[in-house]
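The values are calculated or read from the model by the stated rules, or taken from the named source; none is laboratory data. Keep in mind that what you see is a predicted model, and the values were worked out from it rather than measured. Here the Cβ is made from the backbone with ideal geometry for all residues, glycine too, and neighbour counts use every protein chain on show. Each accessible area value is taken on the protein alone, full model and side chains, heavy atoms only, with ligands, DNA and RNA left out. Shrake-Rupley method; radii C 1.70, N 1.55, O 1.52, S 1.80 Å.
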Amino acid sequence: MTEGGGFFGQTRMRLARLTAEGEGGLKRALLQACASSSRALDVERVAAWFFNQDHTQLICACQFERSGERESAGTVLDLTALPQYKAALNSQRVILASDAQSDPDTRELTESYLIPNGISSMLDAPIFRFGEVVGVVCHEHVGPGRTWTTDERDFAASVADVLAVLLEQASRVEAELTLRDQREQLVRLERMEALGKLSAGVAHDFNNVLSAITLGLDEFSRFATSTEAQELLADLQEVTRQGKRISDQLMAFARSGPHSPRVIDVGRALRDMTRPLTALLRGTHALDVGSLKDGILVSADPAQLDQILLNLVVNARDAMPDGGTVRVALETTPAAAVLTVKDTGTGIPPQLLDRIFEPFFTTKGHGNGLGLSTVHSIVEQNGGQIVVESGGNGTTFTISLPRVSA
């Protein structure tokens with residue numbers, strides 16, 4: 001039995017110091033409250049239960065069993081089969097059931113809950129939030145029936161009040177975390193917008209320089225008659241083309257490049273790209289393209305679709321420096337064309353997965369870090385989604401583009 005009001009007062013003080021702050025704070029505080037209440041009332045079990053959204057179920061968030069110092073959770077009670085008990089929770093400050101199996105308010109629980117758990121007496125206090133019952137803290141006595149005292153009733157009610165405060169703390173913490181995430185997202189969006197404007201400006205100026213160089217090379221080609229001069233000219237033209245590709249990536253990232261969508265048969269487009277993609281692998285890697293069915297239509301810019309494939313295949317190739325197979329597959333759902341590109345490399349470290357689509361970020365040690373950010377921008381621009389999965393067996397990029405009719 002209890003040690004009187006003084007002991008209850010000490011326990012109330014401990015409960016008042018509980019906090020739901022920090023990761024897992026609410027669960028930890030609920031367990032501490034149940035354990036303290038179990039010892040103060042000298043009962044076998046104390047559990048915190050909460051209604052589901054439509055108040056048709058009670059779900060155990062935390063249960064403490066005193067004899068084995070055990071904790072558990074997850075038990076569900078169907079309130080549609082317990083109308084009297086539900087009504088009592090909504091009309092009484094505390095349910096005092098000295099003989100729980102015969103008490104009108106609790107006897108509905110006899111077969112499903114009381115007998116299986118050996119419960120003879122219950123002391124249940126509803127938990128209120130904003131004037132509405134949201135749950136209940138149950139004190140469950142095992143053994144001979146027990147008559148509850150006024151002090152015990154008042155103590156149970158105070159425990160319910162403490163749990164209500166903990167709920168409010170947890171709600172505030174969750175709201176603060178949500179607000180912080182929204183602020184961080186806003187900062188990222190503003191940073192991306194600034195980078196986009198910068199990229200567009202750099203790409204525009206770079207294109208002007210490249211145009212002048214290209215004109216100069218065309219003029220130089222008239223005088224490049226020797227073999228050495230022609231080889232040098234070819235090298236310079238290739239460097240210029242590389243510069244143009246970088247400029248195109250910058251423009252695509254900035255979403256200010258040309259965008260001319262039309263209806264594309266993805267399977268046919270992928271077949272057309274097979275030879276260039278194979279050449280891109282330089283013979284050190286193999287390209288495995290699955291069966292390609294015709295009639296899978298999307299609305300996209302053909303050049304941008306080619307750029308997606310080129311960037312992802314190059315990315316897969318670079319992830320396998322000792323050689324390997326790049327697997328490209330095309331599947332469908334009722335709403336989308338699903339393109340996957342998979343490598344068999346070592347994978348991307350988990351701590352870097354969230355950053356791989358950031359502009360100018362690369363894990364390769366070379367390159368400009370625009371390939372994947374460009375792919376991400378193009379996919380979003382065309383109303384699609386891109387997902388990456390990575391582990392010890394390699395990395396898979398999955399792109400979904402909305403299907404259209406002819």
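Couple of notes before you dig in:
- Solvent-accessible area, 1.4 Å probe, carbon plus sulfur percent, for the chain: 53 percent
- Taking amide H atoms as placed 1.01 Å from N in the peptide plane, the amide H of THR75 lies under 5 Å from those of CYS60, each 5 or more residues away in sequence or on another chain.
- Rg/Rh (Cα only; Kirkwood hydrodynamic radius) as it applies to the chain: 1.24
- Semi-axes of the equivalent ellipsoid of segment 275-406 are 23, 17, 14 Å, computed as sqrt(5λ) over the eigenvalues of the C-alpha gyration tensor in descending order.
- For ALA87, net neighbour charge (Lys/Arg +1, Asp/Glu -1) across residues whose Cβ lies under 11 Å away: -1
- Amide H contacts of GLY135 (H built 1.01 Å from N, under 5 Å, at least 5 apart or other chain): PHE51, ILE127
- Helix-derived mean residue ellipticity, 222 nm - over the chain, DSSP H n ≥ 4, -39500 (n - 2.57), to 500: -15500 deg cm²/dmol
- Note, ³J(HN,Hα) from phi for segment 349-358, Karplus 6.51, -1.76, 1.60, rounded to Hz, x at Gly and Pro: x, x, 6, 9, 4, 6, 10, 5, 8, 6
- Segment 29-135: trypsin sites (Lys or Arg not before Pro) in DSSP loop, at most 15 other beta carbons within 10 Å: ARG93
- The long axis of helix 302-318 is offset from the longest Cα principal axis of the chain by roughly 80 degrees.
- Cα gyration tensor category, rounded, prolate or oblate, for segment 3-56 with a/c compared to 1.5: oblate
- Using only side-chain charges placed at the Cβ, +1 for Lys and Arg and -1 for Asp and Glu, the dipole size of segment 2-82 relative to its Cα centre rounds to 280 debye.
- Ranked order, VAL94, VAL263 - accessible area, probe 1.4 Å, largest first: VAL263, VAL94
- Dipole of segment 30-136, positive direction: furthest Cα of TYR113, SER98, ASN52, with charges on the beta-carbon: ASN52
- The residue among LEU41, ALA20, CYS138 whose Cα reaches farthest toward the positive pole of the charge dipole of segment 1-159, with charges on the beta-carbon of Lys, Arg, Asp and Glu, is ALA20.
- Toward the positive end of the charge dipole of segment 275-362, with +1 on the Cβ of Lys and Arg and -1 on the Cβ of Asp and Glu, the farthest Cα among ILE356, HIS285, VAL338 is that of HIS285.
- Solvent-accessible surface ranking, highest first, for ASP248, ASP54, ASP322 at 1.4 angstrom: ASP322, ASP54, ASP248
- Degrees separating the helix 25-41 axis from the principal Cα axis of the chain, which is the longest one: 10 degrees
- For VAL162, neighbours were defined as the other residues whose beta-carbon sits under 12 Å from its Cβ, and their charges (Lys and Arg +1, Asp and Glu -1) total +1.
- Crossing angle, helix 227-254 versus the chain [Cα axis fit, 0-90 degrees, rounded to tens]: 30 degrees
- With the largest listed first and rounded to whole Å, the semi-axes of the equivalent ellipsoid of segment 1-101 from the Cα gyration tensor are 24, 19, 13.
- Rounded to the nearest 10 Å², the accessible area of HIS285 at probe 1.4 Å: 30 Å²
- Overall, the chain carries a charge dipole of about 600 debye about its Cα centre when +1 sits on the Cβ of Lys and Arg and -1 on the Cβ of Asp and Glu, all other atoms neutral.
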